[in-house]
There are 4 protein chains.
Amino acid sequence: MTEVQNTPVKVKVRLTENNYGKADVHVFKVNRERPRHEIKDITVRVAMTGDFEAAHVQGDNTGLLATDTVRNTIYGLAKEGFGGSIERFGQELVAHFVKTGPRVTGAFAEITEHLWERISANGQGHDHSFVRQMPKRTARVEGDGQTFKVTSGIENLYLLKTTQSGWEGYVLDERFTTLPETSDRVMATYVTAKWEYLGDDADHDDVWQRVYGQLQQTFTDHYSPSLQSTLYLLGEAVLSRCPEISRIWFQMPNKHHLKYNLERFGLENNNEIFHVDPEPFGLMEGWVERA
Amino acid sequence: MTEVQNTPVKVKVRLTENNYGKADVHVFKVNRERPRHEIKDITVRVAMTGDFEAAHVQGDNTGLLATDTVRNTIYGLAKEGFGGSIERFGQELVAHFVKTGPRVTGAFAEITEHLWERISANGQGHDHSFVRQMPKRTARVEGDGQTFKVTSGIENLYLLKTTQSGWEGYVLDERFTTLPETSDRVMATYVTAKWEYLGDDADHDDVWQRVYGQLQQTFTDHYSPSLQSTLYLLGEAVLSRCPEISRIWFQMPNKHHLKYNLERFGLENNNEIFHVDPEPFGLMEGWVERA
Amino acid sequence: MTEVQNTPVKVKVRLTENNYGKADVHVFKVNRERPRHEIKDITVRVAMTGDFEAAHVQGDNTGLLATDTVRNTIYGLAKEGFGGSIERFGQELVAHFVKTGPRVTGAFAEITEHLWERISANGQGHDHSFVRQMPKRTARVEGDGQTFKVTSGIENLYLLKTTQSGWEGYVLDERFTTLPETSDRVMATYVTAKWEYLGDDADHDDVWQRVYGQLQQTFTDHYSPSLQSTLYLLGEAVLSRCPEISRIWFQMPNKHHLKYNLERFGLENNNEIFHVDPEPFGLMEGWVERA
Amino acid sequence: MTEVQNTPVKVKVRLTENNYGKADVHVFKVNRERPRHEIKDITVRVAMTGDFEAAHVQGDNTGLLATDTVRNTIYGLAKEGFGGSIERFGQELVAHFVKTGPRVTGAFAEITEHLWERISANGQGHDHSFVRQMPKRTARVEGDGQTFKVTSGIENLYLLKTTQSGWEGYVLDERFTTLPETSDRVMATYVTAKWEYLGDDADHDDVWQRVYGQLQQTFTDHYSPSLQSTLYLLGEAVLSRCPEISRIWFQMPNKHHLKYNLERFGLENNNEIFHVDPEPFGLMEGWVERA
């Protein structure tokens, strides 16, 4: 039906921006030095940039690593290094591929860390048993062999408040506006955030814990006139809490909890019964940075 | 390509077991009686059984509810009732539809509860701000207007231990066996469980908390020779902890953490570096009941 | 928070119905005997039942296969057999595990086949290049070593009609009914079907093609007063087309296409503009069998 | 556990790049002018940029549209316009929001079109019955009120060939390389592509059909020494086939089909039996443009 039958005459083309590597490499590392085991559970993507024209244009693979080799390398370096944060491991990966990869001039690593908490048994966190948590920690490191650009982040942080949120004063005279104003609604959002650093020496683990705590704390502490306002307040609070961070970005969907119309059935609905609408959703994105 | 062109001569057929209703009805309820709000976040399926032959065979809808009505009813009853557990709400739903649904002789309700924890702010759980947790609570209630069969459950409970688990002594002389034995491995599983009750008066909320705690506690407290053995021990512990429960079923995938072969690269791997294999996975299912 | 601290006194329990095996084994087979390659792309689950009490209760694995062995076996048997349909391969798998598995008295295999069509190039289907299709073919075979129960099916068949469907005459005097009647709506459903056979000698591939074609043909050929009526007509047509089939089951969600209220904006909506609601959805299930 | 208790002293911050709008708006449009209905099934995201500082910083919503209004507008404009391609509808949306949105200086629309084929009944495509297809068509339009930047694309195009693909001559002396070379393998990839135009007057529907057909045709017509080489050839072919296109980008995962080691069981595997590995996967990205 959509078939193209004759072969077109070839025109002159060229390869421009490109990269290759391996994605979804799932590495689990256990530190067994002490009876209290430490674990890291990460999914890694590594990609390289450089002069790979021969492979693309002439089919000459002499300048390419197998992506299988990229995978093996990630596991090997996880053994030899990866003593600290995913941000540091990302730097180890990028440095390695820029140094050893043929015709490689740059690389980036994207790491998602799956978080586990110690199972609480007999009143304390267990030495070697864990239960998976919902939020994820992310890092992206990009480098050219000389310097690194490090971005950290959080995903899957689903927050909700049952009051202290409203939506009023917006443009009402628009032809397509039908939504009534409210000074009391349920606000829910699935926070994705990423942030950059002022210097190279941040303690990424400690910063992450502070951001994670502060986002939750700030979410509770104000009446929110809009998700945009909350986005800004979250950014302000994180930058105030964490002097290491230069700027922070949020993507915050408004997971609408719509008051269900019960009046049709002779029932009151004093902000008690809501339909959780899976889609569509309002979507807000923004950077907050130091002034 | 798979087209069937002529119309076949009709043969005599009949409708047998059937049901209809509404699924994925997402209800959020806030109890605002006190400043410390209580919330319920549930997804509901309701289905009815009965004599619906006229609708199917003659296209006569006089004996059918609109599934839209089913939806409205779930929201209405969530307002009027739903003061306690999802198991009790399931009973309210089933009783309603058996009583009021035309030609309805039975019904079942399947409810998944999404769990939220109070955000910890200023040292205590916040009154009206919450953060989503990973595990889910489930209930299924089936009834004919006289009695109810109640099943409770848990999903998305992802547990892992880094030691105190092995896999030895299994059948080795089989042609297709290549896996080496081990007395120390990572064991990880995504527990799905459901259980039934001895009587009608269980405190379902309290039982659920005890099961949830006991599953984690028992997961930590033994050397596991197989996932099957752990399944049995989990069942035994839950039945010991909860006299209200008559039997419990588990589905436990073995989320394989495979020791990565680093020896090829001149590196040791003392159970430190693993590949987390997304598929395939061993899958164990079983019921444990009172003897 | 949900911690259980003391260990409960053990009560007497026993293992009842149980099974174990391997799931999500993804096998791809190419038949290269002729230049025109034939392919099979399947995901397999195999589970065994039998006397596995020693493994569960005493931690004695001598009667267990490694599920890794189950995986190897599936690949090995795919090489040695699997010359025909997934239903036949399911029988080969079940027969093998019942015969060779220690303490095994029964087994079942669940197979999902991912469908590919030859890429149309230069006016005809290509010999060795394929493009993935959306529907999936399924089979389930269960057996005890003597006989097999075979169920075939189809999934992911998403059908839609823009007219010749309505919903009228249903119960209107119910308190919670608000939906208006209509004799012209969009009807869309995501068909899941499974069927059983009268005898043991059906040509499963040919039957599947006839069912697949007939479901589409019948979906087009009538005014539908309800999804229930269409479910019945689909069943009647399949049983008429395929004398090999004894009965067929459908699960058909009503993927609601809701007429968007444009009158608020001074616009007519003559069944032109719809919101596709992701959830909730009406859900109909039913068996149609020979009378 | 990750709680932050004291409130940090606020530092000075500012809002920089930001946008807001509505996502996952699922619109279905039927053109009923003739008995042969035409349908459009799309999911839309619209986002606006501009001066929204007051809303973020002062909680002053007077310059904001409700995202609910954005949704209503999308449905309203789908009724009044949307007579052609998703690229044209994206332009209508962007033009509308830049013109009418308060403090709006730019906007973008991202549209995914779900594709349906007419059901083949009685030897021809049916007038009003459809079956969903797997690939998706995409468009992104960005504009400032004066000009539009249009990008078109395709997703979910899963292609596979059983021969005429190899992987040889890559870097072998790297410490972490273990993969053997092959001149005959299964190659499978899930193509995501997007392209830009030379001028403003392209027939986007016709271009899309040509790209869709050419990608499949070119995939079949060569021995592939690497996925990178195929990526380049696909780009060259599309640019040769479609003079309207200035450049095209591909993301192509290498969905590895790994030859299963059957020799362990005394079985040959002449490229017949493969394990389809869900992850990790090689991932190639690149732009091909006119020289």
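The values are calculated or read from the model by the stated rules, or taken from the named source; none is laboratory data. Remember, it's a predicted structure, so these values are computed and weren't measured experimentally. Cβ sites come from the backbone with ideal geometry, for glycine too, and all protein chains shown count toward neighbours.
So which residues in segment C:210-250 are of a type in the set (Gly, Ala, Ser) and either surrounded by 19 or more Cβ atoms within 10 Å (Cβ to Cβ) or at the interface with another protein chain (Cβ under 7 Å from one of its Cβ atoms) (or both), if there are any at all? If the condition is that a residue be of a type in the set (Gly, Ala, Ser) and either surrounded by 19 or more Cβ atoms within 10 Å (Cβ to Cβ) or at the interface with another protein chain (Cβ under 7 Å from one of its Cβ atoms) (or both), then C:Gly213, C:Ser224, C:Ser226, C:Ser229, C:Gly235, C:Ala237, C:Ser240 are the ones that fit.
What about A:Pro278, is it at the interface with another protein chain (Cβ under 7 Å from one of its Cβ atoms), within 24 Å of the chain's Cα centre (by Cα) and farther than 28 Å from D:Thr62 by Cβ? When the stated conditions are applied, A:Pro278 passes them. In summary, strands (runs of 3 or more DSSP E) completely within segment C:113-199 and bearing 2 or more residues that are basic (Lys, Arg) occur at C:124-143, C:148-161.
Inside segment C:91-147, can you point out the residues that are among the small types (Gly, Ala, Ser) and touching a Lys or Arg at 6+ places or on another chain (Cβ under 6 Å)? Before the answer, list the steps.
Taking segment C:91-147 as the starting set, the residues that turn out to be among the small types (Gly, Ala, Ser) are C:95, C:101, C:106-107, C:109, C:120-121, C:123, C:125, C:129, C:139, C:143, C:145.
Across segment C:91-147, the qualifying residues are C:Gly125, C:Ser129.
Where residues in segment C:142-170 are among the small types (Gly, Ala, Ser) and buried (at least 16 other Cβ atoms within 10 Å of the Cβ), which of them is nearest to the chain's Cα centre (by Cα)? By that ranking, first place goes to C:Gly153. Within segment D:251-277, the residues that satisfy the criterion of being surrounded by fewer than 18 Cβ atoms within 10 Å (Cβ to Cβ), touching a strand residue (DSSP E or B) at 6+ places or on another chain (Cβ under 7 Å) and assigned to a loop (DSSP other than H, G, I, E, B) are D:Asn269, D:Asn271, D:Asp277.
This table checks each residue for (1) outside the structural domain of A:His275 (by TED's automatic domain parsing); (2) touching an Asp or Glu at 6+ places or on another chain (Cβ under 7 Å); (3) at negative phi.
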position	(1), (2), (3)
A:His126	yes, no, yes
A:Val141	yes, yes, yes
A:Lys161	no, no, yes
A:Ser183	no, yes, yes
A:Glu196	no, no, yes
A:Ala202	no, yes, yes
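The set of residues in segment B:62-79 being in contact with a Pro (Cβ under 6 Å, 6 or more places away or on another chain) and either within 19 Å of B:Thr16 (Cβ to Cβ) or surrounded by fewer than 24 Cβ atoms within 10 Å (Cβ to Cβ) (or both) consists of B:Gly63 alone. So which of A:Asp200, A:Asp173 is at pLDDT below 95, farther than 28 Å from A:Lys259 by Cβ, surrounded by fewer than 17 Cβ atoms within 10 Å (Cβ to Cβ) and not β-branched (Val, Ile, Thr)? Selected residue: A:Asp200, the only one of A:Asp200, A:Asp173 that is at pLDDT below 95, farther than 28 Å from A:Lys259 by Cβ, surrounded by fewer than 17 Cβ atoms within 10 Å (Cβ to Cβ) and not β-branched (Val, Ile, Thr).
The set of residues from segment D:38-61 being surrounded by fewer than 24 Cβ atoms within 10 Å (Cβ to Cβ) and free of Cβ contacts under 8 Å to residues at least 24 places away in the same chain comprises D:Glu38, D:Ala54, D:Gln58, D:Gly59, D:Asp60, D:Asn61. Scanning segment C:252-285 for residues that are under 17 Å from C:Asp184 (Cα atoms) and aromatic (Phe, Trp, Tyr) gives C:Tyr260, C:Phe274.
Scanning segment A:200-250 for residues that are assigned to a strand (DSSP E or B) and in contact (Cβ under 8 Å) with a residue 60 or more places away in the chain returns a single hit, A:Ser224.
The condition of being buried (at least 17 other Cβ atoms within 10 Å of the Cβ), out of contact with any Cys (no Cβ under 6 Å at 6 or more places or on another chain), of a type in the set (S, T, N, Q) and more than 29 Å from D:Ala291 (Cα to Cα) does not hold for D:Ser183. Checking each residue of segment A:113-121 against the condition of being over 18 Å from A:Ile86 (Cα atoms), out of contact with any helix residue (DSSP H, G or I) (no Cβ under 8 Å at 6 or more places or on another chain) and of a type in the set (Gly, Ala, Ser) gives no match.
One residue stands out in segment D:15-37 among those that are without any contact (Cβ under 8 Å) to a residue 24 or more places away in the chain and out of contact with any Gly (no Cβ under 9 Å at 6 or more places or on another chain): the one that is farthest from D:Phe108 (Cα to Cα), namely D:Arg34.
Quick one: A:His56 ticks every box in (1) assigned to a helix (DSSP H, G or I); (2) closer than 21 Å to B:Leu267 by Cβ; (3) in contact with a Gly (Cβ under 8 Å, 6 or more places away or on another chain) except a single one, so which number is it? Of the numbered conditions (1) assigned to a helix (DSSP H, G or I); (2) closer than 21 Å to B:Leu267 by Cβ; (3) in contact with a Gly (Cβ under 8 Å, 6 or more places away or on another chain), the odd one out for A:His56 is (2).
Evaluating C:Leu77 against the criteria (1) touching a strand residue (DSSP E or B) at 6+ places or on another chain (Cβ under 9 Å); (2) part of a helix (DSSP H, G or I) leaves one unmet condition, (1). Out of the residues in segment D:80-98 that are surrounded by fewer than 18 Cβ atoms within 10 Å (Cβ to Cβ) and not in a helix (DSSP H, G or I), which is nearest to the chain's Cα centre (by Cα)? Among them, the one singled out is D:Gly84. Considering every residue within segment C:141-155, establish whether at least one is more than 14 Å from chain B (Cβ to nearest Cβ) and over 30 Å from C:Lys99 (Cα atoms). Checking segment C:141-155: at least one residue is more than 14 Å from chain B (Cβ to nearest Cβ) and over 30 Å from C:Lys99 (Cα atoms). Contact map, segment C:114-141: first residue more than 21 Å from C:Ile248 (Cα to Cα) and crowded, with 20+ Cβ neighbours inside 10 Å, second residue of a type in the set (A, V, I, L, M, F, W, C) and at pLDDT below 95, Cβ cut-off under 9 Å, separation 6 or more or different chains; pairs are C:Ser120/A:Met1; C:Ala121/A:Val4; C:Ser129/C:Ala121. For segment C:1-32, the set of residues classified as in a strand (DSSP E or B), hydrophobic (A, V, I, L, M, F, W, C) and either modelled with pLDDT under 95 or closer than 20 Å to B:Asn254 by Cα (or both) consists of C:Leu15, C:Ala23, C:Val25, C:Val27, listed by residue number.
No other residue among B:Thr49, B:Thr7, B:Thr16 is over 20 Å from B:Arg118 (Cβ atoms) and within 24 Å of the chain's Cα centre (by Cα) apart from B:Thr49.
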